[in-house]
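K.L.:
Pasting a structure here, questions to come.
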Amino acid sequence: MKLGSLCCALLAAGLLASGQTAAAADTTAACSWKPTALTAGTSVSAKVTATDGNGNFAGWALPTDQFGDTVRAASWTNGTYTDLGTAGTNGAAVTAENRSGAVAGTAYSTMFGSGFIFEKAFKSAGGTLVQLPSPTSSQLPAGYTRSAAVGITGSGDVIGVVRKQDGSGLTAVRWPAGQPGTVTLLLGVPKGVGVAAVDTDGSIAFANGDLWRDGTLTHLGTLPGLKYAWPDAMKNGRVVGYGVYNGKNVGVYWDQQRAAHVLPKSSYNLSNGNPGFSINSSGLITGRLDEADGGDDLAGTGYGVWDQGTFVSTFGDLKADLPVVIGDDGTAGGYRYDSATRHSTAYLWRCE
């Protein structure tokens, strides 16, 4: 069944009402996710970490296992792999892609024994990756040498953070597409708080649950019994993340009115670095299942699909498939990990 047909069927049955969980959606047979491995040339390892929403993806690839080798930014357009390079550094990875195929990411390396961390935001421009500038001394005090890109808007603005070499002074910034070579400090944002997600229109979800849009700050809603709820991804005004509900690790969905809903059958494990929750513009969500429904909390495996808070189905192979992003066309991207080789293979999945 195609996801578009599935969504229409759910709407017709009235299953998408806020806070409602329907037995008809409580099935693992709603969709069969067909996996397709994405080759990355001769690279030994690769992951999808971003999508344009139209079935194309970006992320990173590791060329070899040679000591000191670092990852390179990568993209897959119509399934074809492109080595995007390293933005003039030793290593780089894409963190976001917009519908036009423009990417943003962060180059990162550490000088062994020195304690020095090189961290630089970049974006694609004219077919190449370019580093984004640090704030000037008139914007912030000297020493803000580190930067990281979190999201890229539909118009090509990159949003992320800057900080000092020791990690202090975390500050949200925008690199405007219409003013190349400049960086703008965002007004009215929480100080010292990381950017968790960026929406297509430039709205920002901060790690503390604050939402920012054009200088106005609001906060995500909550529920009795819900604690430690933080956002993970944001699209079309909808947010998905995680929290603790009555003592249980759960996924949390916030609708366009910022009301919170616990995702039924969900869980999470932040300790193993496996993917969290992702959401597309229509509210389709991927994320971890709880152990009662096929998830493995220790391994951090076993993923499911929700439609605006309503459980739809399990996702693919519960032990192998690790979806990172879900596109607006319903195509998911992510990877499979081989514990024996410690390598990952980039994958896409289509609902059939």
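The values are calculated or read from the model by the stated rules, or taken from the named source; none is laboratory data. A quick note: this is a predicted structure, and the numbers were derived from the prediction, not measured. Here the Cβ positions follow ideal geometry from the backbone for every residue, glycine too, while neighbour counts run over all protein chains shown. Side chains included, ligands, DNA and RNA excluded: accessible areas come from the protein's heavy atoms. Shrake-Rupley method; radii C 1.70, N 1.55, O 1.52, S 1.80 Å.
K.L.:
Of all residues in region 189-234, how many are part of a loop (DSSP other than H, G, I, E, B), open to solvent by 40 Å² or more (accessible area, probe 1.4 Å) and charged (D, E, K, R)?
P.N.:
Result for region 189-234: 3.
K.L.:
Go through region 74-91 and count every residue that is open to solvent by less than 30 Å² (accessible area, probe 1.4 Å) and either among the aromatic types (Phe, Trp, Tyr) or under 21 Å from Arg342 (Cβ atoms) (or both).
P.N.:
Of the residues in region 74-91, 3 are open to solvent by less than 30 Å² (accessible area, probe 1.4 Å) and either among the aromatic types (Phe, Trp, Tyr) or under 21 Å from Arg342 (Cβ atoms) (or both).
K.L.:
Every residue in region 322-351 that is part of a loop (DSSP other than H, G, I, E, B), closer than 21 Å to Gly283 by Cβ and not β-branched (Val, Ile, Thr), please.
P.N.:
Of everything in region 322-351, those that are part of a loop (DSSP other than H, G, I, E, B), closer than 21 Å to Gly283 by Cβ and not β-branched (Val, Ile, Thr) turn out to be Gly327, Asp328, Asp329, Gly330.
K.L.:
Can you tell which of Gly294, Gly237, Gly247, Gly316 is free of Cβ contacts under 8 Å to residues at least 12 places away in the same chain, among the small types (Gly, Ala, Ser) and open to solvent by 10 Å² or more (accessible area, probe 1.4 Å)?
P.N.:
Answer to the selection: Gly247.
K.L.:
For region 321-340, how many residues meet the condition of being under 18 Å from Tyr81 (Cβ atoms), of a type outside the set (Gly, Ala, Ser) and crowded, with 21+ Cβ neighbours inside 10 Å?
P.N.:
4
K.L.:
On to the next question. Quick one: how many residues across region 297-308 are under 21 Å from the mean Cα position of the chain (by Cα) and open to solvent by 10 Å² or more (accessible area, probe 1.4 Å)?
P.N.:
4
K.L.:
Now for a separate question. Quick test of your reading of the structure: Ala13 fulfils all but one of (1) modelled with pLDDT of 95 or more; (2) within 18 Å of Ser282 (Cα to Cα); (3) among the small types (Gly, Ala, Ser). Name the failing condition by number.
P.N.:
Condition (1) is where Ala13 drops out.
K.L.:
Among the listed residues Leu140, Leu185, Leu129, which satisfies the condition of being open to solvent by less than 60 Å² (accessible area, probe 1.4 Å), farther than 22 Å from Asp214 by Cα, of a type in the set (A, V, I, L, M) and in contact with a Leu (Cβ under 8 Å, 6 or more places away or on another chain)?
P.N.:
Leu129
K.L.:
Kindly check whether there is at least one residue in region 163-180 that is in a loop (DSSP other than H, G, I, E, B), crowded, with 21+ Cβ neighbours inside 10 Å and of a type outside the set (S, T, N, Q). Break it down stepwise before answering.
P.N.:
If we filter region 163-180 for residues that are in a loop (DSSP other than H, G, I, E, B), which is where we start, we get 164-170, 176-180.
With crowded, with 21+ Cβ neighbours inside 10 Å added as a condition, the list becomes none.
No: zero hits.
K.L.:
Also, quick follow-up: Does Gly4 fit the bill of being small (Gly, Ala, Ser) and modelled with pLDDT of 95 or more?
P.N.:
Taking the combined requirement at face value, the residue does not satisfy it.
K.L.:
Please state which of the following conditions Val198 fails to meet, knowing it meets all the rest: (1) touching a helix residue (DSSP H, G or I) at 6+ places or on another chain (Cβ under 9 Å); (2) within 29 Å of Gln131 (Cα to Cα).
P.N.:
Evaluating Val198 over (1) touching a helix residue (DSSP H, G or I) at 6+ places or on another chain (Cβ under 9 Å); (2) within 29 Å of Gln131 (Cα to Cα) leaves (1) as the failure.
K.L.:
Please list, ordered by residue number, the strands (runs of 3 or more DSSP E) wholly in region 56-144 having 2 or more residues that are of a type in the set (D, E, K, R) and in contact (Cβ under 8 Å) with a residue 12 or more places away in the chain.
P.N.:
Passing ranges, in order: 117-125.
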